Amino acid sequence: MTTELRNTEFHIRARDGAGAEEHGPYELDIDPGRTADGDAAPRYASLRHASLRILRLPPGGSHTFATGDSEWIVLPLNGGCTVAVGGDSDTPFELSGRKDVFSGVTDFAYVPRDAEVRISSAAGGRFALTGARCSRRLPARHGPASGVPVELRGTGNCSRQVNNFGAAGVFACDKLIAVEVLTPGGNWSSYPPHKHDECRPGEESELEEIYYFEIAPAHGSAGLGYQRVTPSGASSRTGRGTDVLAEVRSGDAVLIPDGWHGPSIAAPGHTMYYLNVMAGPGEERAWLICDHPDHGWIRDTWPDQPVDPRLPLYEAPDADLRPSLNETVEAGPRPSLYEAPDADPRRSPNEAVEASPRPPLHDAPDARPEAHPEDPEGDAR
């Protein structure tokens, strides 16, 4: 199969097959779904676990959907909204949202499987619904913007900013892992290329992934970027062999059921944003990755370079003093909803920068003893 044909399958262009006639209010609707036999629907047969919908609401608009067998996070891309879960007295959640993905961290709402959810917006806006098939039903919760760890990864032209709102070990979900990445124009992120397409306990997680892109306009141009995915040994054994070279623009998505992925390249002058949605079949919710053996050496060059001075684009706001709605999940031997990831004694690509008197991006809350161990290789995103 040619790369062009592979792109057709795995590169979902803005509004490609996602018009009002087919998906109602969704600009993008990436949900494997199930046939009567329990198999994935043909259009997204490559995905079994992860879902993404982009919902646009006009001023005063609302939308109701059933969560089915998936858990979801409602994440404002621009604008704010109210999220109500049927039969849940602790909702609705009022999400302040943000102007756009390039201007600030946002609050969000977690909604469980087997529920009916209503999203409404007085002023209108666009909202990402990030989903994962799951077995446990956790309580609906509000995630404050102040609790989102804002992190810088890489240095030099590999510098990027990561908003870890739904990372493993940060916010409690059953299967869903989701983060936002911002890459200044001209930089490479999701680099070195890495994979997480087979289960190797303690070394690699089996996670499929969706990348959703927005590109900041500049000088009257909408801008663009590039995404690469190449077959891995695991993907070759399954016969899938995902192979994508995609020119991505705002509203596009790239599906990554398997394979080495990266780099994600931002065109000079245009900041690239992407939302990562990950989920898999494993019992442990963890993001463990394997670097491509031909390119992993690039990490060794990072301590000798400064972080791109354009970063951070923004930081998390001051602490939200509203009462937490997360205590019911905290009661068991579960990771805390917001906790600082453990330090990685083996590798710190930003060590040279941290040694300077640069203040931290924000103060992370204390980690609990029962915290879920973070990915020791978590610098690639």
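The values are calculated or read from the model by the stated rules, or taken from the named source; none is laboratory data. Because the structure is predicted, anything quoted here is derived from the model rather than measured. Cβ: placed from backbone, ideal geometry, glycine included. Neighbour counts: every protein chain shown.
Failed condition for Thr183, given (1) of a type outside the set (Gly, Ala, Ser); (2) within 16 Å of His11 (Cα to Cα); (3) out of contact with any Asp or Glu (no Cβ under 8 Å at 6 or more places or on another chain), with all others met?
(2)
Among the residues of the range 106-128, how many are assigned to a loop (DSSP other than H, G, I, E, B) and on the phi < 0 side of the Ramachandran plot?
7
Restricting to the range 252-299, give me the number of residues that are buried (at least 17 other Cβ atoms within 10 Å of the Cβ), touching a Pro at 6+ places or on another chain (Cβ under 9 Å) and aromatic (Phe, Trp, Tyr).
Of the residues in that region, 1 qualify.
Mind checking which residues of the range 48-102 are closer than 21 Å to Leu176 by Cα, in contact with a Leu (Cβ under 6 Å, 6 or more places away or on another chain) and either free of Cβ contacts under 8 Å to residues at least 40 places away in the same chain or not hydrophobic (A, V, I, L, M, F, W, C) (or both)?
Of everything in the range 48-102, those that are closer than 21 Å to Leu176 by Cα, in contact with a Leu (Cβ under 6 Å, 6 or more places away or on another chain) and either free of Cβ contacts under 8 Å to residues at least 40 places away in the same chain or not hydrophobic (A, V, I, L, M, F, W, C) (or both) turn out to be Arg53, Glu71, Pro76.
Any residue in the range 175-191 that is touching a strand residue (DSSP E or B) at 6+ places or on another chain (Cβ under 8 Å), more than 23 Å from Val307 (Cβ to Cβ) and assigned to a strand (DSSP E or B)?
Scanning the range 175-191 turns up at least one residue that is touching a strand residue (DSSP E or B) at 6+ places or on another chain (Cβ under 8 Å), more than 23 Å from Val307 (Cβ to Cβ) and assigned to a strand (DSSP E or B).
Here's the yes/no breakdown for (1) modelled with pLDDT of 95 or more; (2) in a loop (DSSP other than H, G, I, E, B); (3) surrounded by fewer than 22 Cβ atoms within 10 Å (Cβ to Cβ):
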position: Leu47; (1), (2), (3): no, yes, no
position: Ser62; (1), (2), (3): yes, no, yes
position: Glu71; (1), (2), (3): yes, no, no
position: Gly87; (1), (2), (3): no, yes, yes
position: Ser96; (1), (2), (3): yes, no, yes
position: Gly104; (1), (2), (3): yes, yes, yes
position: Thr130; (1), (2), (3): yes, no, no
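Taking the range 136-174 only, how many residues are part of a loop (DSSP other than H, G, I, E, B) and within 17 Å of the chain's Cα centre (by Cα)?
11
Does any residue in the range 121-139 that is in contact (Cβ under 8 Å) with a residue 24 or more places away in the chain and hydroxyl-bearing (Ser, Thr, Tyr) come within less than 7 Å, Cβ to Cβ, of a residue that is assigned to a loop (DSSP other than H, G, I, E, B) and surrounded by fewer than 23 Cβ atoms within 10 Å (Cβ to Cβ) six or more places away or on a different chain, and which pairs are these?
Ser135/Asp174
Please pick out the residue among Arg113, Arg126 that is surrounded by 16 or more Cβ atoms within 10 Å (Cβ to Cβ), closer than 25 Å to Ala316 by Cα and basic (Lys, Arg).
Arg126 is the lone residue from the list that is surrounded by 16 or more Cβ atoms within 10 Å (Cβ to Cβ), closer than 25 Å to Ala316 by Cα and basic (Lys, Arg).
Check off (1) crowded, with 23+ Cβ neighbours inside 10 Å; (2) of a type in the set (A, V, I, L, M, F, W, C); (3) touching a Leu at 6+ places or on another chain (Cβ under 7 Å) for Leu152 and give me the number that stays unchecked.
Every condition holds for Leu152 apart from (1).
Please specify each residue of the range 199-224 satisfying the condition of being in contact (Cβ under 8 Å) with a residue 40 or more places away in the chain, assigned to a loop (DSSP other than H, G, I, E, B), loosely packed, with under 14 Cβ neighbours inside 10 Å and of a type in the set (Gly, Ala, Ser).
Answer for the range 199-224, where residues must be in contact (Cβ under 8 Å) with a residue 40 or more places away in the chain, assigned to a loop (DSSP other than H, G, I, E, B), loosely packed, with under 14 Cβ neighbours inside 10 Å and of a type in the set (Gly, Ala, Ser): just Gly202.
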